[in-house]
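Notes follow the structure.
The values are calculated or read from the model by the stated rules, or taken from the named source; none is laboratory data. Bear in mind the structure is a predicted one, so any value in this text is a computation, not a measurement. With ideal geometry, Cβ positions are generated from the backbone for all residues, glycine too; neighbour counts draw on all protein chains shown. Each accessible area value is taken on the protein alone, full model and side chains, heavy atoms only, with ligands, DNA and RNA left out. Shrake-Rupley method; radii C 1.70, N 1.55, O 1.52, S 1.80 Å.
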Amino acid sequence: MRKRNISAALALAAILAGCTSAPVATYFPPSEQLKFQAAANWDVIANDVAKQLASSFKGKPTLPPLFVNQAGKKTEFERAFNNQLITALVAEGFPVHKSLGGALIVDVDTQVVWSSTANPQTEIVITSSVSDSNQFLARMTSVYYFNSSDSTLYRAPAPAPVRTINVIGG
């Protein structure tokens with residue numbers, strides 16, 4: 001009887017284990033990812049974004065006027081990339097306005113994914129969007145590596161310290 005109980009318990013455990021097994025974690029297959037080495041590489045990416053935008057408006061009678069939103073760009077990379085993108089958009093034939101009136105908005109969003117100290121490479125996610133006030137008309141996202149030693153180019157500067165000075169008298 002005891003053998004029967006142990007056998008039944010083992011069979012039940014095997015059945016329950018089969019029902020609750022978790023999937024096995026595996027890695028994604030290897031893929032290539034470009035790595036920034038210099039500001040000249042940023043220009044290559046800006047040209048690629050402009051070409052992709054031009055192809056997304058292919059078939060339209062004219063390219064729409066664009067306004068590249070530069071508000072809130074704090075890092076060296078963001079400021080340089082937006083300027084390079086304006087140059088590339090003009091080279092692709094887009095009319096690029098200096099103000100928003102009558103133009104579609106181009107926004108570039110960057111997100112840095114900081115690496116561990118064991119990995120000298122860090123990633124940056126760059127998303128470029130074209131929209132009107134209601135919807136996205138074109139959007140693309142790319143991910144690149146950069147050396148962590150270049151992190152100051154991708155990090156916003158620290159805010160200036162604030163000093164309080166008490167004024168006495170009147």
Listed by chain and number, the residues whose amide H is under 5 Å from that of LEU137, excluding neighbours fewer than 5 places away on the same chain and using placed H, are VAL130, SER131, ASP132
Taking the chain and counting helices only, DSSP H stretches of n ≥ 4 at -39,500 (n - 2.57) each over all residues, the nearest-500 ellipticity at 222 nm comes to -10500 deg cm²/dmol
Here the averaged projected area of the chain, based on the convex hull of its alpha-carbon atoms and given in nm², is 23.8 nm²
Net charge near LEU89 (other residues with Cβ under 14 Å of its Cβ; Lys, Arg +1; Asp, Glu -1) is -2
Straight-line reach check, LYS51, cutoff 26 Å on alpha carbons, 8 or more apart in-chain or any other chain, hits among lysines -> LYS35, LYS60, LYS73, LYS74, LYS98
Note to self: with every protein chain in place and a 1.4 Å probe, the chain gives an accessible area per residue in Å² of 71 Å²
Relative contact order as a percentage, region 82-170, C-alpha pairs under 8 Å and 6+ apart, gives 19 percent
Carbon and sulfur atoms account, in whole percent of the 1.4 Å probe accessible area of the chain, for 58 percent
Taking TRP114, TRP42 and ranking on accessible area (1.4 Å, protein atoms only), highest first, one gets TRP114, TRP42
